[in-house]
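Undergrad: First, the structure itself, so that you have it in front of you.
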Amino acid sequence: MPALPDLEPLAEAMTAWRRDLHAHPELGFEEHRTAALVARALRAAGIEVAEGIAGTGVVGTLRGTGAGGGGNRAIGLRADMDALAMQEATGAPWASRSPGRMHACGHDGHTAMLLGAATWLSANRDRFAGTVQLIFQPAEESRGGAGAMLAAGLFERFPVDAVYALHNLPGLPLGTVAVPPGPVLASSDTWEVTFRGRGTHGAKPHLGTDATLAAAAFIVALQTIVARNLDPMEAGVVSVGHLAAGHPEAPNVIPAEVLVRGTARALSAPVRDLLEGRIGAIARGTAASHGVEASPVYTRRLPPTVNHAAQAALLHRAAGATLGSDRARDHHPPITAGEDFALLLEARPGAYAWLGTGDPAHPEGWHHNPRFDFNDAALPAGAALLCGIVEAELGA
Ligand SMILES: [Zn+2]
Ligand SMILES: [Zn+2]
């Protein structure tokens, strides 16, 4: 099994890639420079490269020569490459050179770690049999990159028996890995309800039907879903994020139409179904009691990210063997953010792990804040773990 010291010699190269990517952040499906850097680094390591998958996606294919080069098994390792539409405030020498663009989720680090692992694995092909598909995915941040790669035939062109990914986590100590056997992240769906009544003069409410009052009652009743319909041992979130009614210059008009939009999160398919069903039922019921109409629309965007138990156990073993058993955890509380790796886990067995980047010497704070900067000290641990997963799966 590879150990942390095996990957330390690549720390400098990984840091250089990471800071180069950080200085040149690109939004989802616009990762042209990033994809070119990835393809160049993979080719420099002697790895076969396919570009332009779902636009800016890149896949490197690496065949092991261990056990006489046999081995029909294949696994996928996935890194996301995109940045966020935010203004950076780190002041780092490698800070974003693109105004309003920033690597605030550490995908620059994920890409650099997978490049480091690819480089090491290519130089150590005799240590595994079978195939590693190095999947560099565009557009993880709510832009549909994983779905687009699947639609472009990702697993038909590059078949895998299992798929793995890491995400940095500042809340976990540096170099510690946590991989729960079940839910890791929540589903991420949006919904909207339009309430339609009969608009009227603000002074003569009896001449119309008030869509605003119905919407207000709906918003209050919405919170009974989690409080009263959901098993107290389960988790779910329903939040309102947008509310539009009337015109600011017309406070004396009861508007005919009100739009309410929000998000819903769940850690399992049954809870997701429950949230969808109850949002619609409460909207229609509230509207009926107020004499207005409701048109609820629920849009399923991402399912929950749920690890497969066998692959989570394998990843946990690989983390223990490469980083030390004191740095490998087989549990972590689920997080209510969403992640499109969920779609890859619906298509193939696999696991998603948290890689700790928490470090008093590097107080970058949480993801998606303007001072966030991936902790380069975690690069060798992340790359070592990726190599460890390959040996645990395909070891010669
Ligand atoms: Zn993010
Ligand atoms: Zn992220």
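Undergrad: Which residue, Ala203, Ala11, Ala95, tops the fluctuation ranking in a GNM of the chain built on C-alpha contacts under 10 Å?
TA: Largest GNM mean-square fluctuation: Ala203.
Undergrad: So if each residue of separation counts as 0.36 nm, and I subtract the Cα-Cα distance between Ala221 and Asp273, what length gain in nm does that give?
TA: Answer, rounded to one decimal: 16.9 nm.
Undergrad: Moving to a separate point now. Return an integer: the convex hull volume of the alpha-carbon atoms of segment 30-126, in Å³ per residue.
TA: 107 Å³
Undergrad: Need one number: % antiparallel among DSSP beta bridges in the chain, to the nearest 5.
TA: 65 percent
Undergrad: Helix hunt in the chain: which complete DSSP H runs extend at least 30 Å axially by C-alpha with mean Kyte-Doolittle at least -0.5?
TA: TM-like helix candidates: 269-290.
Undergrad: Can you tally the net charge around Val306? Count Lys and Arg as +1, Asp and Glu as -1, for every other residue whose Cβ sits under 12 Å from the Cβ of Val306.
TA: Here the count lands on -1.
Undergrad: For segment 63-85 and segment 109-142, what is the centre-to-centre distance using only Cα atoms, to the nearest Å?
TA: Between the Cα centre of segment 63-85 and that of segment 109-142, the gap is 5 Å.
Undergrad: Would you mind classifying segment 139-201 by shape? Square roots of the alpha carbon gyration tensor eigenvalues, ordered a ≥ b ≥ c; an a/c under 1.5 is rounded, otherwise it is prolate if a/b is larger than b/c and oblate if not.
TA: Oblate shape, in that a/c is at least 1.5 and b/c is the bigger or equal ratio.
Undergrad: Let me ask something else. Over all pairs of distinct alpha carbons, what does the Kirkwood formula give as the hydrodynamic radius of the chain, in Å?
TA: Evaluated over the chain, this radius sits at 22.5 Å.
Undergrad: Pull out the extension gain between Glu51 and Ala123, defined as 0.36 nm times the separation in residues minus the alpha carbon to alpha carbon distance; nm, one decimal.
TA: Additional length available on full extension: 23.7 nm.
Undergrad: Also, quick follow-up: With each run of n ≥ 4 DSSP H residues scored as -39500 (n - 2.57), what mean residue ellipticity at 222 nm is computed for the chain after dividing by its residue count and rounding to the nearest 500 deg cm²/dmol?
TA: That calculation yields -10000 deg cm²/dmol at 222 nm.
Undergrad: Give me the one-decimal nm value for the distance between modelled label points at Ala92 and Thr61, 7 Å along each residue's Cα-to-Cβ direction.
TA: 3.5 nm
Undergrad: Rank these by accessible area, largest first, 1.4 Å probe: His242, His107.
TA: Listed by decreasing accessible area, they come as His242, His107.
Undergrad: Taking the Cβ of Gly356 as the center, what net charge do the other residues with Cβ under 15 Å away carry, scoring Lys and Arg +1 and Asp and Glu -1?
TA: Counting the neighbours of Gly356, the net charge comes to -3.
Undergrad: For every other residue with a beta carbon closer than 12 angstrom to the beta carbon of Arg198, add +1 if it is Lys or Arg and -1 if Asp or Glu, then tell me the sum.
TA: That sum, taken over residues with Cβ under 12 Å, equals -1.
Undergrad: Test of understanding: extend the Cα→C-beta vector of Trp366 to 7 Å, then name every residue of segment 158-199 with backbone N under 19 Å from that spot.
TA: Within reach of a label on Trp366, which here means backbone N under 19 Å from a point 7 Å along Cα→Cβ, segment 158-199 contributes 167-174, 178, 184-189.
Undergrad: How much length, in nm to one decimal, is gained on full extension between Glu249 and His331, taken as 0.36 nm per residue of separation minus their Cα-Cα distance?
TA: Stretched fully, the Glu249-His331 segment lengthens by 24.2 nm.
The values are calculated or read from the model by the stated rules, or taken from the named source; none is laboratory data. Quick caveat: nothing in here was measured; it's all calculated off a predicted structure. Please note: Cβ atoms are built from the backbone with ideal geometry, for glycine as well, and neighbour counts cover all protein chains shown. Note: accessible area is taken over every heavy atom of the protein model, side chains too, but ligands, DNA and RNA are not part of it. Shrake-Rupley method; radii C 1.70, N 1.55, O 1.52, S 1.80 Å.
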